[in-house]
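Here the structure comes first, spelled out in structure tokens, and everything after it is commentary.
The values are calculated or read from the model by the stated rules, or taken from the named source; none is laboratory data. Keep in mind that this is a model prediction, so the values were computed, not measured. Cβ: placed from backbone, ideal geometry, glycine included. Neighbour counts: every protein chain shown. Side chains included, ligands, DNA and RNA excluded: accessible areas come from the protein's heavy atoms. Shrake-Rupley method; radii C 1.70, N 1.55, O 1.52, S 1.80 Å.
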Protein chains: 2
Amino acid sequence: MNLRERKKLRTRDALLRAALELFATRGYEETTVDDIAAAVDVSQRTFFRYFAGKEETAFFVPRLAETHVVEAVRARPPGEPPLEALRRAVLESWDRINEAVEELVPIELHMRVYRVIESTPALLAAHLRRAAELEEQLAGIIAEREGLDVDADPRPRIVVALFSGVIRVTERLWSAGDDLSLDAMRQLTTTYLDQVGPALAENWRTEPSP
Amino acid sequence: MNLRERKKLRTRDALLRAALELFATRGYEETTVDDIAAAVDVSQRTFFRYFAGKEETAFFVPRLAETHVVEAVRARPPGEPPLEALRRAVLESWDRINEAVEELVPIELHMRVYRVIESTPALLAAHLRRAAELEEQLAGIIAEREGLDVDADPRPRIVVALFSGVIRVTERLWSAGDDLSLDAMRQLTTTYLDQVGPALAENWRTEPSP
DNA sequence: TTGTCAATTGTCAGTGGCTGTCACTAGCCT
DNA sequence: AGGCTAGTGACAGCCACTGACAATTGACAA
């Protein structure tokens with residue numbers, strides 16, 4: 001790796017960390033891009049050469065997490081019922097996610113930023129839009145697993161919608177609570193998913209759609 | 001009603017209609033607030049005295065619809081199972097929604113704007129955030145119907161999350177399709193809800209939570 | 001009517017996010 | 001060593017949005 005490229009990475013990471021630190025302490029709206037650039041001693045223009053916008057810095061870490069979740073779902077054994085696959089994938093991927101995140105920024109910082117995301121209207125909106133895109137991706141994967149056409153059979157999109165809905169609820173509760181540990185999240189998620197599990201058919205194949 | 005107040009309403013409606021017309025034809029990002037103000041021949045500052053932001057004009061009509069849905073859910077007989085109440089409330093409220101909308105702007109225009117909302121990232125994000133707020137409201141109503149505490153029992157938030165997830169999927173499909181009629185929407189919604197219905201317990205009370 | 005008061009509006013100036021342009025500098029490669 | 005190019009800073013400009021103040025317009029009483 002070049003000196004040039006190393007320098008670039010260092011600048012990007014510095015910008016990222018400075019931004020997150022400022023968001024977590026001062027708040028998102030209260031932080032200007034100039035503040036971030038100044039904290040790293042680069043021009044505002046340079047900031048925009050590394051990130052498409054202020055928002056992107058806030059979602060840099062979540063993006064990592066999403067990637068891992070998608071991979072985890074893809075890695076699930078094909079025999080597993082869809083909802084089960086989603087559940088296990090999510091629960092299992094968190095450990096690896098945590099590792100990957102820690103390499104970039106302290107998890108503790110990410111946690112604080114996550115709370116900012118949930119409590120800042122503009123960021124929450126962006127978060128939900130990203131979640132919607134993830135849903136679309138997952139629906140595609142589920143459909144493929146089951147050998148279905150996403151646009152012909154409603155079920156892939158529906159399970160994913162149901163599943164994501166529950167995840168959203170737990171995310172919100174978790175970020176609002178005072179135990180921000182991984183275990184708390186896992187606990188909350190299983191509890192909430194268990195409220196739906198018994199109510200959903202275990203296997204589509206034994207119950208063909210009309 | 002005063003001349004003053006009548007004039008105000010006229011200005012607001014003119015701004016609203018001009019904005020929606022411009023969004024529908026030119027696109028949201030391509031329309032500046034100055035364009036909207038100019039179309040009505042008022043200053044940009046005046047626009048911001050009627051609407052908190054450009055976004056608000058795009059969601060003026062959807063806000064109406066949300067109000068009606070909430071009322072429709074509130075009006076459901078208490079004996080009805082939660083999911084059933086939500087389903088009927090939504091399906092039944094559309095007629096009244098359509099009437100109320102038509103008094104403000106041509107429905108056809110609203111339909112076109114809705115497509116713009118779904119296809120403009122910034123608007124889609126805002127739409128999802130609003131939907132999340134609606135969910136919270138509905139969860140409260142459901143909890144009250146069932147005599148539960150929203151924060152103690154997960155079920156209200158979960159049904160609403162599941163229900164809303166399905167509605168979102170149908171909204172997207174509907175707005176992407178080429179039949180923008182009410183009947184098409186109703187058809188799509190019932191079809192999709194029927195895919196979940198049999199999979200969810202009919203009544204919580206016969207199946208107490210753990 | 002007319003004069004006074006209050007609401008509505010326009011103008012102006014300024015902030016913050018974001019983009020295009022251009023010249024310059026620092027690292028790369030031969 | 002020196003030309004090439006990626007990365008940067010400086011500057012100008014667009015757009016959404018806000019605050020402050022002055023001008024205008026409708027409301028209402030004398």
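Prolate is the label for the stretch B:3-54, because a/c, from the alpha-carbon gyration tensor with a ≥ b ≥ c as root eigenvalues, is 1.5 or above and a/b exceeds b/c. When chain B is treated as a GNM with alpha-carbon contacts under 10 Å, the residue of B:V196, B:V61, B:V90 showing the greatest mean-square fluctuation is B:V196.
Net charge near A:F59: determine it from the other residues with C-beta under 12 Å of the C-beta of A:F59, scoring Lys and Arg +1 and Asp and Glu -1. Once positives and negatives cancel, what remains is 0. Each Lys and Arg Cβ is given +1 and each Asp and Glu Cβ -1; about its Cα centre, the protein assembly as shown then shows a dipole of about 1240 debye.
Counting charges near A:A152 (Lys, Arg +1; Asp, Glu -1) among other residues having Cβ under 15 Å from its Cβ returns a value of -3.
Compactness of the stretch B:115-203 is given as radius of gyration and Dmax, 14.8, 43 Å, from Cα positions.
Placing a label point 7 Å from Cα along the Cα-to-Cβ axis, A:T190 is separated from the same position in the other copies by 4.2 nm, shortest listed first. Taken over the stretch B:1-95, the alpha-carbon convex hull comes to 135 cubic angstrom per residue.
Length gained on full extension, B:R172 to B:D41, computed as 0.36 nm times the residue gap minus the Cα-Cα distance: 43.6 nm. If you take all other residues with their beta carbon under 9 Å from the beta carbon of A:A89, and give Lys and Arg +1 and Asp and Glu -1, the sum is +2. Available extension along the chain between B:A184 and B:E30 is 52.4 nm, counting 0.36 nm per residue and deducting the alpha carbon span. P(r) tail for chain A: Cα pairs beyond 31 Å make up 29% of the total.
Computed from protein heavy atoms with a 1.4 Å probe, the total accessible area buried between A and B is close to 2300 Å².
When chain A is treated as a Gaussian network with alpha carbon springs shorter than 10 Å, the biggest mean-square fluctuation among A:E56, A:E30, A:E66 belongs to A:E30. Here B:L64 yields copy-to-copy label distances, from shortest upward, of 4.7 nm, the label point defined as 7 Å from Cα along Cα to C-beta. Peptide B:119-126 shows a mean partner chain C-beta count of 4 within 10 Å per residue C-beta. Mean projection of the Cα convex hull over all viewing directions, computed for the stretch B:39-106: 5.9 nm². The alpha-carbon of B:K54 sits under 29 angstrom from the alpha-carbons of these lysines, leaving out residues fewer than 8 places away in its chain: A:K54, B:K7, B:K8.
Per atom type, the stretch A:59-109 shows carbon and sulfur on 52% of its accessible surface, probed at 1.4 Å. For the protein assembly as shown, the normalised intensity computed at q = 0.06, 0.11, 0.13 Å⁻¹ comes to -0.28, -0.96, -1.27 (log10 of I(q)/I(0), Debye sum over alpha carbons, equal scatterers, no solvent).
Separation of the stretch B:87-158 and the stretch B:59-86, taken as the distance between their Cα centroids, equals 8 angstrom. Only helices enter the 222 nm calculation for chain B: every DSSP H run of n ≥ 4 contributes -39,500 (n - 2.57), and dividing by all residues gives -24500 deg cm²/dmol, rounded to 500. Surface analysis of the stretch B:3-54 yields an accessible area of 61 Å² per residue, using protein heavy atoms and a 1.4 Å probe. Distances, shortest first, from the label point of B:R45 to those at the same position in the other copies read 3.4 nm; the point lies 7 Å along Cα to C-beta. Among the residues of B:188-195, the average count of other protein chain beta-carbon atoms within 10 Å of the residue beta-carbon is 3. The mean number of Cβ atoms from other chains found within 10 Å of a Cβ in peptide B:155-166 is 6, as a whole number.
In the stretch A:78-171, Cα pairs under 8 Å separated by at least six residues give a relative contact order of 30 percent.
Heavy-atom accessible area with a 1.4 Å probe sorts A:S181, B:S93, largest first, into A:S181, B:S93.
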